[in-house]
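The values are calculated or read from the model by the stated rules, or taken from the named source; none is laboratory data. Treat the numbers as computed from the prediction; the structure is a model and nothing was measured. Methodologically, a virtual Cβ is constructed for each residue, glycine included, from the backbone with ideal geometry; neighbour enumeration extends over all protein chains shown. In case anyone asks, the SASA skips ligands and DNA or RNA and just uses the protein heavy atoms, side chains included. Shrake-Rupley method; radii C 1.70, N 1.55, O 1.52, S 1.80 Å.
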Amino acid sequence: MRQVRFHGLNVTSRLLVAVLSTCALVAQAQETPPPEKKDAPAKANVPLVEQKPFDVVVITDKPSTDEVLIKCLPLEMKERRMPTKLEIKPGSKLKLRRFEDPENEYEIAWRDIVRIEFYEDQVLRETYDLTVKGMREKDPAKAARMLDQAYAFFEFLRDNYPETRNLEVAWQFYLFANASSLYQAGRDYEALAVAEELHHRNPAYQPPGSSTTVTTVLSAIANRLVKKYAAAEDYRNAQLIIRRLDKEYGTDVIPSTVTWKKHLSVLAAAKRDETRRLINAGKVREAHAVSREMANIWPDVEGGRELLAEVAERYPLVVVGVTQPALRGDPRSLHNWAERRVGRLLQRSLVELIGRGTESGLYASPVGTIETTIDRTQMIIRVRDKNAPGIPEVSGYDVSQILLDYGNPASPHYFPPWSSLMSTVNVTNVMQVEVNLRRPHVLPEALLQFPLVSANSTLRGPYRLEVKEAENLLALNDGVARPGERRPAEIVERVINDPADPRAAISALRRGTIDVIDRVYPGDIKSLQEDKSIVVEPYAFPVVHMLIPVSDNKFLKRASFRRALVYSINRQKILNEAILRGNEIPGCQVVSGPFPIGSKRNDPLSYAYDDRITLRPYDPWLGAVLAQVALTELTTMAEMQKKEAPEGLPKLVIGYPPHETTRLACTLLTQQLKQVGIECTLKQLPPGETLDLKNECDLLYVEIAMWEPLTDASRLLAASGLVPTANPYVDQAIRHIDTAINWSTASQRLRDLHRICYNEAAVVPLWQIADHFAYRRELEGVGKSPVVLYENIFDWRIVNSEVTE
Amino acid sequence: MNTSRVAPLLFLVAAIEVLSARPCAAAEEIWEYSPYRIEVWLALDDHPVLTERLESTLVRQIKQQAHISVGAPWSLAITRPVDAIRYEMLRDMERVGVDDIDAVAPEILEKDKLFLVSIDYSTRGFHVAVRELDGRTRTWSPTFASYAQSNVLVPLTVFDNMRKAFRAVTRIESSRNKDATVRPRGGGLVLSENSPAYVGVGDTLLPIIRRNDRYGKPLNNGIKTAPWTFLQATTRDGAVLICDLHSGMRGVLSGRTSSRTQKLALRVRPVHEHTRLICETRPTPDEPSRPLPGYDIYAKDIETEKLELIGRTDWRGVIDIPQLPKVLGLIYVKNGAQPLARLPMVPGLETELTAQVADDDIRLQAEGYISGIQSRMLDIVASRALVNTRVDDRIEANALVGAQYWVEQFRSIDTRTDLNALLSQQRSQLINRNPDRRTATKIDQLYGDTQNMIAEYIDDQMADELSAKVKAAKRNPRPASPPEPEPAPPATPTPTPTPTEESTAAPAA
């Protein structure tokens, strides 16, 4: 605002009128605004941050001393603060534009200005008030809302007015208030995070008028957290908190950590003493278990670590959580995961699959080397004269006997694919055998995965299996261990398979009561990978899941009915939602046939998979139609043969091995089949079994290790294989594979077989799963992507038991 | 006419008539009413236990036993063989051949039967082995061997094995396509069905044809067993038996019977647990025989005509066929749905037999391809019918957007052109394998029939017709139509339940 003065009268009247007129106009525009007693700075109930910014200039209404508030647009000042008296020049004025009249500019003498309430200061004050209210609010939900809102205001100020006075102070107060509020609400982890942030900003923070410091708050929160974990005997997490706080803030700075360390030490000391007693009593295995409990509680107890090392030294033991017990060992089992797992521990084979090659699997012999001539019509097997402990000693003669035995039609071990290939076997010297083949074969060594036997008996592997009720034991055989080596003397396989607690294995792994999970449920892989104390690794080869017909049910012999089953199961949905729980795991996908599709594009493992074959979509209407077609076919045939016709669609029994993946999948697909009129009942197989030995099932859910389709296809699909389809087209296709002389031909023929299986629905293909295992970081030597869990068992070592984050 | 000259002529004529007529009737009488002339060569090993006294006891007791058990049909003469034969008999009965016997005692081959009996002694007891040679057909029976624990039991053991080895002989009197008439040797002397010489209803006979020279000796390779041919006696007509003829070949027993051609049939029984059947391709000038793995082998009961799968040939083309309940059965060799051979067989009679059949591999592969196409066609026809119904329903409900959606879905289903292209591609792959003319014809027929089926059931115009229907419905909308629903998603009868905690609980078995 400006005050206009007239200067003299010696001007013409017109000019005067003009000047006067002009002045009057100017006066109209620029006169001092009418005093407003109370120019309310904010509209009621609308937060300041949501309003258009404004400042408030407070002046005195002379001649009284009443304050007048003038709401104006934000002042254009170099520094947004009230200047000091010394800074104000006499007679200087503050220019402003009123909030309601932004077009006109006014002037106010600085001497008349009492104070200026800048916008950001108002916001800060409002925020502060809100924080205080939130802190005092009893209702946790309301308190949270208020504090959340206050947080938003702080964010606003930081983004737009970072230089606001006392912003940091207010913010610290906010953190304090928030931490307290969260603690009151029982949200301890969040409270801890907030309190820690406050501590970082101001380790000595103490809110005005309070004796409580940020350290006190931290201690209270930590105390409650640790108490909760200790009550649940989750000492690992309790340790994590204590150690982290010590590391972050200094040992014994947080009072509650001191208290808890003492308490845990007392508990751990009891375990330590019990461990010592057991060792002295010669019960080393029990001592092992108790020492784990000690390590789980507090390994830093006096003498604890030394005791752990002593126990590990005397009796290295590993506990593996498994979904299925192994009743026997078979490294070549096509369908039994548990048997494959322990197979290589119990017996070694002449040739073993050790990993992935560039075109197929990679094979090696534990007892020597195998060479194939360029034309692939001869193999030369050279046996070592001395093998590592745990690997049987064999001679060339032993090897020749094995080869001849498996090629002999009169032998109980008769293996037709090898018999048809082998022409002659010559022992050229004690350690060398030459095998002549009838025709070239692309991968003859894959056929030689026979158990190693000597002239006297089957040679044992490094471990022996003791089947017990609650858990199996794999104990190292005598003479295998070398002094000083720390490979596991015992492997305890503990079955953890409780439908009521599907994550029990993960809990046990985190608690340290087991060291390894043999098979992680696919839906848990992602979350487990986030735990830095645990290593999650994929196996080298995926497993293909499918339903196979195993009974003489007439409907299952009709291709139309089998196709009906495929159309009626929503495989994609079951896999994505139930098994993977919405996660994407490479290598887990629906398949159209019995062969693996691999984990990535151009995966060599997929040489048998014809990716031009499109998946049969989920189409329950079509499934229902095809089921009726099958019924009509059977009715017609019965009439022609004058036999009794089926009354309707069959009731099927689906058998499955009992673990989470199969249980869930079978439950869901049963529901889906019911929708098209195919009633199914589920039959859980006995633990450790994967075949329907009692012939009670019509369909069997199997998990097939089709790791080398070239040789495994016949094991699954031939007339003598797992799937008794007796299909001449499948049989013919398998015979064609056996006679392929190069990889291109073999791959093409396998894809032909895939197509035939697809057309005939020889099996009901479900999905491929890339299984993973998990282990605690304290365990070393497990290896990356092994074929089976115990592939590198001689390298396994427990290094230390410290809980790390 | 001078009667003195006529009478001798008449007498001569009459005499000639009598003399020429007598051999037929006489021959029948000999065949039917004379016993089997059986020579038994008994060879005892050089062992103190096998004394001359034991030998003479054996001879006596074997004859006694024959007299008691068999009676008139057998006329036995028991002698020692010459040393060379004796040695072979004791070493390995099966090394003694017809030529060996012909060389030392050709007259023996004129007899009905020759039994080779060898006896040696070991810690297990008296080992008795017996083998029979039929004189007319010059064929050997299998060797029957067993142990007798004491010398008292030796004669019985010998005789028991002789009974087992003995193959009754019949003469084929006549034969037509499907039946034949046979006359058993010594049939008039057989009094009991238990006699080894008895041939009755239900017995299986193996036909053998013998061609002689003018001296009555068999021609070189003149004795042949009719391959894959058996007779089964069904009814008795006096002294003869009417038999059904089962043969895998045509015209095996046809042809005139002359004085130089004898058609005989031996009664046979299975003696081994199984017969190994080897299936292989017929050799050609360019290619030798190859085994035929994966061929299905069925056995059919001749009476009930019930067909039973025995198994599948292995990689060597081999399958072991066990004895059948009714001795004779029809063995079918099939490849997929195609029967390739029908072979009458007595499993267990021979240790091993070879069947040469056509290589049917390419045809089976074609059949497999066609089966796949047909399955696909069924799915396509069903899918099209379902979608067609959905389109009609939506037109009826005036939900034309939904109808249009389903028309688009219809277009995404495989068409006739797609199937024909696949058919053509697969056919080319097969033709590139150069099948023989017969197989190529079969393949063409298979593919032709399938193409016709495709043309009949899959109409490529249907999509356009559906589209036209929808357009017509749009032009003439139904009055007072309800609000148009959203295009329907792929139909599911009810939503698939999303897994919840409850649904993961273990279901009741």
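What to note about this one:
- Taking the criterion of being at pLDDT 95 or above and either part of a loop (DSSP other than H, G, I, E, B) or under 18 Å from A:Val590 (Cα atoms) (or both), the residues of the range A:763-778 that qualify are A:Val763, A:Val764, A:Pro765, A:Leu766, A:Trp767, A:Gln768, A:Ile769, A:Ala770, A:Asp771, A:His772.
- Between A:Glu286, A:Glu248, the distinction of being modelled with pLDDT under 95, outside any loop (DSSP other than H, G, I, E, B), over 27 Å from A:Glu490 (Cα atoms) and open to solvent by 60 Å² or more (accessible area, probe 1.4 Å) belongs to A:Glu248 only.
- For the range B:397-413, the count of residues that are open to solvent by less than 60 Å² (accessible area, probe 1.4 Å), among the β-branched types (Val, Ile, Thr) and within 14 Å of chain A (Cβ to nearest Cβ) is at least one.
- A single member of A:Leu652, A:Leu634 is touching a residue at least 12 places away in the same chain (Cβ under 8 Å) and open to solvent by less than 10 Å² (accessible area, probe 1.4 Å), and it is A:Leu652.
- Cβ pairs under 6 Å, 6+ apart, first in the range B:452-463 and assigned to a helix (DSSP H, G or I), second open to solvent by less than 100 Å² (accessible area, probe 1.4 Å): B:Ile454/B:Arg416; B:Ile454/B:Leu419; B:Tyr457/B:Val381; B:Ala463/B:Phe410
- Selected residue (criterion: least open to solvent (accessible area, probe 1.4 Å)) from residues of the range A:382-405 that are under 25 Å from A:Asn477 (Cβ atoms) and of a type in the set (Ser, Thr, Tyr): A:Ser395
- Residue check, B:Ile85 open to solvent by 40 Å² or more (accessible area, probe 1.4 Å) and in a helix (DSSP H, G or I): no
- Boolean, A:Arg344 is touching an Asp or Glu at 6+ places or on another chain (Cβ under 9 Å), among the charged types (D, E, K, R) and at negative phi: yes
- Considering the range B:312-343, and only residues there that are on the phi > 0 side of the Ramachandran plot and modelled with pLDDT of 90 or more, the residue that is nearest to the other protein chains (Cβ to nearest Cβ) turns out to be B:Gly317.
Matching residues to (1) in contact with a helix residue (DSSP H, G or I) (Cβ under 6 Å, 6 or more places away or on another chain); (2) among the aromatic types (Phe, Trp, Tyr); (3) farther than 23 Å from A:Arg340 by Cα:
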site: A:Thr662; (1), (2), (3): no, no, no
site: A:Leu682; (1), (2), (3): yes, no, yes
site: A:Pro686; (1), (2), (3): no, no, no
site: A:Leu691; (1), (2), (3): no, no, no
site: A:Ala718; (1), (2), (3): yes, no, no
site: A:Ala733; (1), (2), (3): yes, no, yes
site: A:Ile737; (1), (2), (3): yes, no, yes
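- Residue match in the range A:741-748 (condition: more than 14 Å from chain B (Cβ to nearest Cβ), in a loop (DSSP other than H, G, I, E, B) and touching a Lys or Arg at 6+ places or on another chain (Cβ under 8 Å)): yes
- Across the range B:147-204, the number of residues qualifying as closer than 26 Å to B:Ala129 by Cβ and either in contact with a strand residue (DSSP E or B) (Cβ under 7 Å, 6 or more places away or on another chain) or in a strand (DSSP E or B) (or both) comes to 21.
- Hits in the range A:535-556 - residues which are open to solvent by less than 10 Å² (accessible area, probe 1.4 Å) and β-branched (Val, Ile, Thr): A:Val543, A:Val544, A:Ile548
- The selection criterion, being away from every other protein chain (no Cβ under 12 Å), open to solvent by 30 Å² or more (accessible area, probe 1.4 Å), touching a Lys or Arg at 6+ places or on another chain (Cβ under 9 Å) and assigned to a loop (DSSP other than H, G, I, E, B), does not hold for A:Pro687.
- Residue check for A:Arg563: within 14 Å of chain B (Cβ to nearest Cβ), open to solvent by 10 Å² or more (accessible area, probe 1.4 Å) and touching a residue at least 60 places away in the same chain (Cβ under 8 Å): no
- Residue count for the range B:226-268, restricted to those that are more than 20 Å from the chain's Cα centre (by Cα) and of a type outside the set (A, V, I, L, M, F, W, C): 14
- Hey, A:Val629 within 29 Å of A:Arg751 (Cβ to Cβ), within 11 Å of chain B (Cβ to nearest Cβ) and touching a residue at least 60 places away in the same chain (Cβ under 8 Å) or not: yes
- Taking strands (runs of 3 or more DSSP E) as the structural unit, those lying wholly within the range B:304-385 and holding at least 3 residues that are under 21 Å from B:Thr229 (Cβ atoms) and in contact with a strand residue (DSSP E or B) (Cβ under 7 Å, 6 or more places away or on another chain) correspond to B:329-335, B:338-345, B:352-357.
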